[in-house]
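Novice: Please see the structure below; I have some questions.
The values are calculated or read from the model by the stated rules, or taken from the named source; none is laboratory data. Quantities reported herein were computed from a predicted structural model and do not represent experimental measurements. We place every Cβ from the backbone using ideal geometry, glycine too, and count neighbours over all the protein chains shown. The area values use the complete protein model at the heavy-atom level, side chains included, leaving out ligands, DNA and RNA. Shrake-Rupley method; radii C 1.70, N 1.55, O 1.52, S 1.80 Å.
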Amino acid sequence: MFDDENIKLKISGVKTDNLDIPVDKYSTFEEMVQDYINKTKGVLTKITINEKEIPLNYYDEIKDSFFEGGEEVELEFTSKKEVLFDLISQSLEYISKVRENLERVSKEVLLNTNEGHKMLNSIAEGLQALLDVIEQTRAFSEEDFYNPGDLDDVQNVVQDIIRSQGEQDYLELSDIIEFDFSEVLSTFETILKNAQKTLEKKGV
């Protein structure tokens, strides 16, 4: 019989453990998670509480919760290297998708449609995400696998897009997307492939 003074904690992924933890060991859920991030050196990739999976984007909403005892918690930690590999693969797929749609985006922007602006904003967010993945990989691998000047060129094109959008010069905007943007995507592709190689050489 499982008593209410403890939390039943299962750790899976990088390490596997089944533990009974005194309810007062951690003052909040976040404290528990941080403790195991330090112990596993991994990234939290799954949360299950009382057999119910909690989406990771709810983490901020539950991080300050405290335990009353009797809960069953499962935390899955994946190695940072594996998580970065996944992110890089997703990034390369994303680049292919954007490339397939460039002509359409360029046309929508030229016609100044809502759809065009939505696509443009979503691409801007996507680029930011790509930069984050590159930065995280660099921090993890502690290696420079790209020339910082390459990203300056990317930044310049992004600045040109923002400027043209501000000036409502849709012809220039359409041209940038059709002609310069493919270069930006190729730069990202090269950097991300280098990131992949760098990770392959690195241990766990």
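Novice: Ordering Ser79, Ser65 by how much accessible area each has at a 1.4 Å probe, largest first, what is the list?
Specialist: Final ranking, largest accessible area leading: Ser65, Ser79.
Novice: Over its Cα atoms, what ratio of radius of gyration to 2.2 N^0.38 Å does segment 129-184 give?
Specialist: 1.38
Novice: Measuring with a 1.4 Å probe in the full set of protein chains, what accessible area per residue, in whole Å², belongs to the chain?
Specialist: Numbers: 12120 Å² over 204 residues.
With all protein chains present, the chain gives 59 Å² per residue.
Novice: Here's another thing I want to ask about it. Could you calculate the FRET efficiency of Tyr59 with Arg138 from 1/(1 + (r/R0)^6), where r is the beta carbon distance between them and R0 is 25 Å, rounded to 0.05?
Specialist: Between Tyr59 and Arg138 the formula returns 0.55.
Novice: Of Lys10/Lys80; Lys41/Lys118; Lys15/Lys201; Lys52/Lys202; Lys52/Lys118; Lys52/Lys97, which ones are farther than 28 Å apart at the Cα?
Specialist: Going by Cα-Cα distance, Lys41/Lys118; Lys52/Lys202; Lys52/Lys118; Lys52/Lys97 fall outside the 28 Å limit.
Novice: All other residues with a Cβ under 12 Å from the Cβ of Val98 taken together, and with Lys, Arg as +1 and Asp, Glu as -1, what is their net charge?
Specialist: Net of charged neighbours comes to -2.
Novice: Restricting to bridges with both residues inside the chain, how much of the DSSP beta-bridge set is antiparallel, in percent to the nearest 5?
Specialist: 75 percent
Novice: Here is a follow-up. Give the label of the value calculated from the structure for Rg and Dmax of the Cα atoms in Å, choosing from (1) 22.3, 72; (2) 20.0, 75; (3) 18.2, 72.
Specialist: Here Rg and Dmax of the Cα atoms in Å agrees with entry (1).
Novice: Follow-up question, since we're still on this one. Would you pull out the residues with amide H under 5 Å of Ile7's amide H, same chain only if 5 or more places away, H placed 1.01 Å from N?
Specialist: The answer is Ile21, Val23, Gly70.
Novice: To continue, here is another question. Counting only protein chains, not ligands or nucleic acids, how are Tyr58, Tyr146 ordered by accessible area (probe 1.4 Å), most first?
Specialist: Tyr58, Tyr146
Novice: Another question, if that's okay. In sequence order, what are the phi-derived ³J(HN,Hα) couplings for segment 16-29 according to the Karplus relation 6.51 cos²θ - 1.76 cosθ + 1.60 with θ = phi - 60°, rounded to whole Hz, with x for glycine and proline?
Specialist: 10, 7, 10, 10, 9, 10, x, 4, 9, 5, 10, 7, 9, 4
Novice: Continuing with this model, one more query. Can you give me the relative contact order of the chain as a percent, contacts being Cα pairs under 8 Å and 6 or more apart?
Specialist: 21 percent
Novice: What distance in nm separates the two pseudo spin-label positions at Lys46 and Lys97, each 7 Å out from Cα along the beta-carbon direction?
Specialist: So the two model labels end up 2.3 nm from each other.
Novice: Turning to a different aspect of this structure: Considering only Asn18, Asn57, Phe145, whose Cα is most displaced toward the positive end of the charge dipole of the chain, charges sitting on Cβ of Lys, Arg (+1) and Asp, Glu (-1)?
Specialist: Checking the options against the dipole of the chain, the answer is Phe145.
Novice: Cβ under 10 Å from Asp17's Cβ, Asp17 left aside: what net charge do those residues give with Lys, Arg +1 and Asp, Glu -1? Show your work: numbers first, answer last.
Specialist: Values: positive: Lys10, Lys15, Lys39; negative: none.
Residues near Asp17 contribute +3 overall.
Novice: Same structure again: Quick check: net charge around Glu76, other residues with Cβ under 12 Å of its Cβ, Lys/Arg +1 and Asp/Glu -1?
Specialist: -1
Novice: Tell me, what is the 1.4 Å probe accessible area of Ile88, in Å² to the nearest 10?
Specialist: 0 Å²
Novice: Can you list, bin by bin at 10 Å, the percent of alpha carbon pairs in segment 80-199, starting at 0?
Specialist: 13, 45, 28, 12, 1
Novice: Of the heavy-atom accessible surface of the chain (probe 1.4 angstrom), what whole percent is carbon and sulfur?
Specialist: 47 percent
Novice: Need the list of aspartates and glutamates near Lys81 for cross-linking: C-alpha distance under 17 angstrom, and skip anything on the same chain fewer than eight residues off.
Specialist: Output for Lys81: Asp132, Glu135, Glu142, Glu143, Asp144, Glu200.
Novice: I need the trypsin sites (Lys or Arg not before Pro) found in segment 128-204, filtered to DSSP loop residues with at most 12 other beta carbons within 10 Å of theirs.
Specialist: For trypsin sites (Lys or Arg not before Pro) across segment 128-204 that sit outside H, G, I, E and B with at most 12 neighbouring Cβ atoms in 10 Å, the list is empty.
Novice: Roughly speaking, what is the centre-to-centre gap between segment 1-66 and segment 87-111 when only Cα atoms are used, to the nearest Å?
Specialist: 38 Å
Novice: Now for a different question. Sort Glu93, Glu68 by heavy-atom solvent-accessible area, probe 1.4 angstrom, most to least.
Specialist: Working: Glu93 110, Glu68 145 Å².
Output order, biggest surface exposure first: Glu68, Glu93.
Novice: Which GluC sites (Glu not before Pro) does segment 97-204 hold that lie in a coil by DSSP with at most 10 other beta carbons within 10 Å?
Specialist: Of the GluC sites (Glu not before Pro), the ones in loops of segment 97-204 whose Cβ has at most 10 other Cβ atoms within 10 Å are Glu142, Glu167.
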